[in-house]
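Q: Attaching a single structure in C-alpha cells format; questions to follow.
The values are calculated or read from the model by the stated rules, or taken from the named source; none is laboratory data. All figures in this text were calculated on a predicted structure; none of them were measured in a lab. Note that we place each Cβ from the backbone using ideal geometry, even for glycine, and neighbour counts take in every protein chain shown. When the accessible area is computed, the model is the full protein with side chains, heavy atoms only, and any ligands, DNA or RNA have been set aside. Shrake-Rupley method; radii C 1.70, N 1.55, O 1.52, S 1.80 Å.
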Amino acid sequence: KTPPARTPASLRVPFETVRIPTQNSRSLHGWWMPAGPARRPGLILVHGWGRNAERMLPYVAMLRPLSFHLLAFDARHHGLSDRDGHASMKKFSEDIRAAADFLAARSEVDGTRLGVVGLSIGGSAALHAAAHDDRLRAVVTVGAFAHPRDTMRTTGFGRGLLAPGMPLAFRFMEWRVGARLDDLAPQRHVGAIAGEALLIHGSEDRVVPAEHGQRLATASRGRATLWLIPGRGHSDPHLEDGFADRVRNFLAEHLS
C-alpha cells in the first residue's frame, strides 16, 4: 500500500479528500473534484494493480476541460484505502460501484450520466461494473484484459508449476476471490453494458497483449470500439498524439 505522493493540488485542481463506503464495511480514500454547482455528469477514474489515485492525475488534467465532476479513488488494499484481505478484480468492480453510489448521492451530479476511465485491471473491472450498473453509461479502458486467467499466466502466476498443477492453482485463486474466473471475465460481460465503451490498447503491450482488446471488442456485440495504438505499450497510450481529444470526444458524445 503506497500512498499517493501528489494530489490534484499539483495540477491546481480544487479537490476534497473523501472516504467512500464500500463492501465488507470498508472505506475507500478518494479525491472529489467538483466542476461547480451545476448538475453535470460524473466521471470515475480508476488506477491499475499496485498503483493508487496519483496514477490518474494525467487523466485529471486531460479530462478537466470537459467540465464534468471527477472522482478518483484508491481501490481496496491500495493507497490510503482500507485493507480487505487481498485485492482482486471483483473488489475493484465493487469499489467502482461504490464510487458510483457516492456520485449519485450528490445533488450536483447527474446520477444517470456516469462514466468510468479505468487502466489495466481498473479498466477490466469497469467493464464488469458497467454490466451490473446501468448508471455507468460510458467506459474508457486502457490495457484492459479479457480474462483474468490469461493475464495471470502472462504475468507469471504459477510459474514453475507443472501443467497438472495449474488447475489446482487457479481453483485456489478462485477460492480466495470468491468467484469463478470464467464468471468474472470481462469478455463475458462487455456485451451486457447499457452504454458504450472505448477500448484503448497499445499494439506492443507485453503485460496485457493487444489480442485481449480484440477479444473484448468481438464479445461486445457492437457496444465497444477498439482503438489499437501502434508502438504503444501498457502504460504509455495516454502519451499518443490525439489521445486526450479522442477520449474527451467519446465521453462528451455519450454523457453530455
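Q: Of Arg221, Arg248, Arg206, Arg232, which residue is in a helix (DSSP H, G or I), in contact with a helix residue (DSSP H, G or I) (Cβ under 9 Å, 6 or more places away or on another chain) and basic (Lys, Arg)?
A: Arg248
Q: Residues in region 92-107: is at least one open to solvent by 10 Å² or more (accessible area, probe 1.4 Å) and at pLDDT below 95?
A: no
Q: So which residues in region 16-39 are in contact with an Asp or Glu (Cβ under 6 Å, 6 or more places away or on another chain), open to solvent by 40 Å² or more (accessible area, probe 1.4 Å) and not in a loop (DSSP other than H, G, I, E, B), if there are any at all?
A: Scanning region 16-39 gives Gln23, Asn24.
Q: Determine which member of the set Phe92, Phe102 is out of contact with any Ser or Thr (no Cβ under 9 Å at 6 or more places or on another chain), of a type in the set (A, V, I, L, M, F, W, C) and under 26 Å from Ala5 (Cβ atoms).
A: The unique qualifying residue is Phe102.
Q: Any residue at all in region 115-123 that's more than 22 Å from Leu181 (Cα to Cα), part of a strand (DSSP E or B), without any contact (Cβ under 8 Å) to a residue 60 or more places away in the chain and not small (Gly, Ala, Ser)? Lay out the reasoning, then the answer.
A: Going residue by residue through region 115-123, those that are more than 22 Å from Leu181 (Cα to Cα) are 115-117.
Next, from what is left, pick out any that are part of a strand (DSSP E or B): 115-117.
Within this subset, residues satisfying the condition of being without any contact (Cβ under 8 Å) to a residue 60 or more places away in the chain are none.
Within region 115-123, not a single residue is more than 22 Å from Leu181 (Cα to Cα), part of a strand (DSSP E or B), without any contact (Cβ under 8 Å) to a residue 60 or more places away in the chain and not small (Gly, Ala, Ser).
Q: Return the residues of region 69-88 that are open to solvent by less than 10 Å² (accessible area, probe 1.4 Å) and either in a strand (DSSP E or B) or aliphatic (A, V, I, L, M) (or both); say none if nothing qualifies.
A: Correct list: His69, Leu70, Leu71, Ala72, Phe73, Ala75.
Q: Give region 213-225 a look and list any residue that's of a type outside the set (Gly, Ala, Ser) and either surrounded by fewer than 19 Cβ atoms within 10 Å (Cβ to Cβ) or out of contact with any strand residue (DSSP E or B) (no Cβ under 7 Å at 6 or more places or on another chain) (or both), or say none.
A: Gln214, Arg215, Thr218, Arg221, Thr225
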